[in-house]
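After the structure tokens below, expect a handful of questions from me.
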Amino acid sequence: MVETNVVDTHAAAREAIFAFIAGRNPGLAPGAITSETSLVTSDALDSIGVLDLMMELGDRFGFEIEDDAFELTHFESIDALAAFVDAKRAEAQR
């Protein structure tokens, strides 16, 4: 049952990240951002966008934004960031 929640969180986090990026970049061509797109090296988000995204994810998935939230490894891809959200949500539920 826990695995299902993790899968659901991962999928929901990915969807939320994609939606946030699309909202910030309305002229972005469909498919321009994939689950492997680096949020560090792409133009998908600027530094304020990263901060806003993390605040939104924390609010939506119920975890506190701490210093570890901004480690570059979490932004290597949308999948990496979704995995971070999974871990933080699981931690918050303990």
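Where does each of 34, 41 land when they are ordered by accessible area, with a 1.4 Å probe and the largest first?
Working: 34 55, 41 115 Å².
So the residues, ranked largest to smallest area, are 41, 34.
A further question on this structure: Ordering 40, 85, 50 by accessible area with a probe of 1.4 Å, largest first, what comes out?
Order by accessible area, largest first: 40, 50, 85.
Can you send over the carbon and sulfur percentage of the accessible area for the chain, probe radius 1.4 Å, protein chains only? Show your work: numbers first, answer last.
Values: 3050 of 5670 Å².
Ligands and nucleic acids excluded, carbon and sulfur reach 54 percent.
If you build the convex hull over the alpha carbons only and average its shadow over all orientations, what do you get for the range 24-94? Give it in nm² to one decimal.
With every direction weighted equally, the projected area is 4.8 nm².
Give the accessible surface of the chain per residue, rounded to a whole number of Å², with probe radius 1.4 Å and ligands, DNA and RNA excluded.
On the way: 5670 Å² over 94 residues.
Per-residue value: 60 Å².
Please identify every one of the GluC sites (Glu not before Pro) in the chain that sits in a loop by DSSP and has no more than 14 other beta carbons within 10 Å of its own beta carbon.
Hits after loop and neighbour filter: 36, 64, 66, 71.
For the chain, give the magnitude of the charge dipole about the Cα centre (Cβ charges: +1 Lys/Arg, -1 Asp/Glu; no others), in debye to the nearest 20.
In total the dipole reaches around 280 debye.
The values are calculated or read from the model by the stated rules, or taken from the named source; none is laboratory data. Note that the coordinates shown come from a computational prediction; the quantities given were computed from them, not determined experimentally. Cβ sites come from the backbone with ideal geometry, for glycine too, and all protein chains shown count toward neighbours. In case anyone asks, the SASA skips ligands and DNA or RNA and just uses the protein heavy atoms, side chains included. Shrake-Rupley method; radii C 1.70, N 1.55, O 1.52, S 1.80 Å.
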